[in-house]
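The values are calculated or read from the model by the stated rules, or taken from the named source; none is laboratory data. If you're wondering where the values come from, they're calculated on a predicted model, not measured in any experiment. Glycine gets a Cβ as well: all are built from the backbone with ideal geometry, and neighbour counts include every protein chain shown. Accessible surface areas use protein heavy atoms only, side chains included; no ligands, DNA or RNA. Shrake-Rupley method; radii C 1.70, N 1.55, O 1.52, S 1.80 Å.
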Amino acid sequence: MSEAYDLVVIGAGSGGVRAARMAANYGAKVAIIEEYRIGGTCVIRGCVPKKLYVYASRFKDSFEVAASFGWQVDAHFDWPTLVANKDKEIARLEAAYVAGLEKPGVEIIRDRAEIVDAQTVRTVKGARTLSTRYILVATGAKPVIPDIPGREFGISSNEAFDLKKLPHSILIEGGGYVGVEFATIFAGLGVHTTLVYRGTCVLRGFDEDLRQGLDMGLQARGIRVIYETDVRALRKEGEDIVVSFSDGVDAPFGAVMFATGRSPNVDGFGLEAAGVRLNPIGAVAVDAYSKTSVPSIYAVGDVTGRSALTPVAIREGAAVAETLFNNNPIAVDHSLIGTAVFAEPEIGTIGLTEAEATTHGDIDVYLTRFRPMMNTLSDKADRMMLKLITLKDGGKVLGVHIIGPSAAEMIQIAAIALGMGATKADFDRAMAMHPTAAEELVTFKAPTYRVRGGVRV
Ligand SMILES: Cc1cc2nc3c(=O)[nH]c(=O)nc-3n(C[C@H](O)[C@H](O)[C@H](O)COP(=O)(O)OP(=O)(O)OC[C@H]3O[C@@H](n4cnc5c(N)ncnc54)[C@H](O)[C@@H]3O)c2cc1C
């Protein structure tokens, strides 16, 4: 027998949970179907555990500078303690998510969902049939593991959080944000870490100064970075995994992690049979209101391949609930999305890169590099960089790029100013707060250089 709903959400991650809760609060009858754990990637094996491990790894740097402030620290790291405490916190958050869904009356179904047709969803184990006015696909994305011999010996970020023991060494393949974040996590926890990437520098698509700054920061932490190379095969030898690289070198590692991208979760649950079209990158194609090619089926979050970030999925999920159940159609604005990379050093960035900005006219670039005050009593050589890119005519701020301590926190605030269309004069009007690193953003005098017609002058 089929049960009738207003909304059936597939996937209880960032986007699905927000849409389900809001729709139920607006009086809709809602079911959410999740095959793994409530909370999705971000809570269970993404942003949250990642940031906890980043905190764990940063103690190494703190202990190193502690001596320069007179502290003597004799520190030892215990991986099982970190994993167990992380598990406790994730379980607490998952329970909070469950409570947040149950309070407005969302029915949680722990099963795998399949779409039968435009208005019917089936559960795989429970064999329930749910008929519904709308379906929301919020199935996220999954790690891509290269199709090479021995791939089964490697892990992805999914497994990296729960390794039985910390390996003596690790090879991470991939130069995106997941790769560099895990490289600094493992290196900070004392693992000999190598990063291999087929490109010429980490973080493709980011501003060049951020890329170069991070490359130097990784190497300064003892991370071996190998460019223009990839992994061709893995084989097990005793406890180790021997990696064959594209340059002909073979080398053993305690663990191998692939951070070679994520692909939208679109397979095996009836999307195409229901007539939902995919876009050229294999993600669910949606309009500005997250509606798919089937008018009763919507999709939000990573499965749509727009911007794979938790706050974006949440915003998209909320907009669908507003559109469908509050008579308030909302198209999410995907311009000006700030991004953090919680590597060491940390990156925060918003707006156009210098290369992108030059296509908008002549620009002024304000740039400063200095040692963070925290390091000035020690011989730690890390440098921080703040970069402001403005239009020469009118001074509109096009981009802010920061690498160094608390970069992400600063960019979150800068995002408000950029969203309001702030100019250099607006930044200058703010009284500096001293001594901070962020004060540099409001005390730049003359441009460091100008780019006229694409040429630096
Ligand atoms: C290691 C890592 C670190 C990250 N760090 C950050 C960060 O610092 N900041 C940030 O903003 N973003 C970060 N992200 C990205 C962020 O986690 C995602 O953008 C976000 O979780 C996307 O939410 P979603 O709702 O689209 O999908 P998800 O949160 O992935 O949820 C999808 C859910 O659908 C379920 N599902 C799939 N198919 C079915 C089915 N057929 N039936 C039932 N259930 C199904 C899955 O089990 C999953 O729980 C990180 C991601 C990773 C992997």
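Extension gain for GLN412 to ALA425 (0.36 nm times residue separation, less C-alpha to C-alpha distance): 2.7 nm.
Computed from backbone phi with θ = phi - 60° and the Karplus coefficients 6.51, -1.76 and 1.60, the 3J(HN,Hα) list for segment 382-391 is 3, 10, 9, 10, 10, 9, 10, 10, 10, 6 Hz; x is used for glycine and proline. Relative to the longest principal axis of the Cα atoms of the chain, the long axis of helix 47-66 makes an angle of roughly 20 degrees. Using only alpha-carbon positions, what ratio does the radius of gyration of segment 23-98 give when scaled by 2.2 N^0.38 Å? Its radius of gyration relative to the 2.2 N^0.38 Å reference: 1.63. Under a model in which nothing but the beta-carbon of Lys, Arg (+1) and Asp, Glu (-1) is charged, segment 101-254 shows a dipole of about 640 debye around its Cα centre. The distance between label points at LYS165 and VAL457 comes to 6.4 nm (points 7 Å beyond Cα on the Cα→Cβ vector). The fraction of accessible area contributed by carbon and sulfur in the chain is 54 percent, rounded to a whole number (1.4 Å probe; ligands and nucleic acids excluded).
Taking the chain as the reference, fit the longest principal axis to its C-alpha atoms, fit the long axis of helix 14-25 to the helix C-alpha atoms, and give the angle between the two in degrees, 0 to 90, nearest 10. Helix 14-25 sits roughly 50 degrees off the main axis of the chain.
If the segment from THR339 to SER296 were pulled out straight at 0.36 nm per residue, it would be longer than the present Cα-Cα gap by 12.3 nm. Working from Cα positions, state the angle (0 to 90°, nearest 10) between the long axis of helix 310-325 and the longest principal axis of the chain. Here the helix axis deviates by roughly 30 degrees. Relative to its Kirkwood radius, the Cα radius of gyration of segment 185-319 gives an Rg/Rh of 1.09.
Placing a label point 7 Å from the Cα of GLU89 along the Cα-to-Cβ line, the residues of segment 339-361 whose backbone N sits under 16 Å from it are 342-343. Per-residue ellipticity at 222 nm, computed for the chain from helices alone with -39500 (n - 2.57) per DSSP H run of at least four residues, works out to -9000 deg cm²/dmol. For segment 345-457, the alpha carbon positions stretch 43, 28, 22 Å along the principal axes, listed from largest to smallest.
In Å, what Kirkwood hydrodynamic radius results for segment 77-125 from the alpha-carbon pair distances?
Radius from the Kirkwood sum: 13.7 Å.
If you plug the beta carbon distance of SER62 and PHE370 into 1/(1 + (r/R0)^6) with R0 = 25 Å, you get a FRET efficiency near 0.80. Annotation for segment 252-313 versus segment 153-217: alpha-carbon center distance of 24 Å.
Only lysines eight or more places from LYS142 in sequence, or on another chain, were considered; those with a Cα closer than 20 Å are LYS50, LYS51. Spin-label model, GLU237/GLU102: points 7 Å from Cα along the beta carbon direction are separated by 5.3 nm.
Model label sites at GLN72 and TYR36, defined 7 Å from Cα along the beta-carbon direction, differ in position by 4.7 nm.
Each of VAL83, ILE108, THR41 was scored by the projection of its Cα onto the charge dipole of segment 9-113, and the greatest displacement toward the positive side belongs to ILE108; charges sit on the C-beta of Lys, Arg, Asp and Glu. Using a cut-off of under 19 Å, list every residue of segment 53-70 whose amide N is near the label point 7 Å from the Cα of LEU377 along the Cα-to-beta-carbon line. So the set is 59-70. Shape analysis of the chain based on the Cα gyration tensor places the equivalent ellipsoid semi-axes at 38, 30, 21 Å, largest first. Its convex hull of Cα atoms gives segment 250-294 a direction-averaged projected area, equal to a quarter of the hull surface, of 5.6 nm². Phi angles across segment 199-212 convert, under the Karplus curve 6.51 cos²θ - 1.76 cosθ + 1.60 with θ = phi - 60°, into 3J(HN,Hα) values of x, 9, 7, 4, 6, 3, x, 7, 4, 4, 5, 5, 4, 5 Hz, Gly and Pro given as x. As a length-normalised measure over Cα pairs under 8 Å and 6 or more apart, the relative contact order of segment 137-219 settles at 22 percent. For MET384, the residues whose amide H sits under 5 Å from its own are PHE370, ARG371, ignoring neighbours fewer than 5 places away on the same chain, with H placed 1.01 Å from N.
With all protein chains kept in place, the per residue accessible area of segment 234-386 amounts to 44 square angstrom at a probe of 1.4 angstrom.
Cα-based radius of gyration for segment 34-183, normalised by 2.2 N^0.38 Å, reads 1.38. Pair-distance distribution P(r) for segment 263-319, from all Cα-Cα distances in 5 Å bins starting at 0: 4, 21, 32, 26, 14, 2, 0 percent.
Ranking ALA313, VAL365, LEU234 by Cα position along the charge dipole of the chain, where only Lys, Arg, Asp and Glu carry charges on their C-beta atoms, puts ALA313 farthest toward the positive end. Principal axis extents of the Cα atoms in segment 283-374, from largest to smallest and rounded to whole angstrom, are 54, 35, 25.
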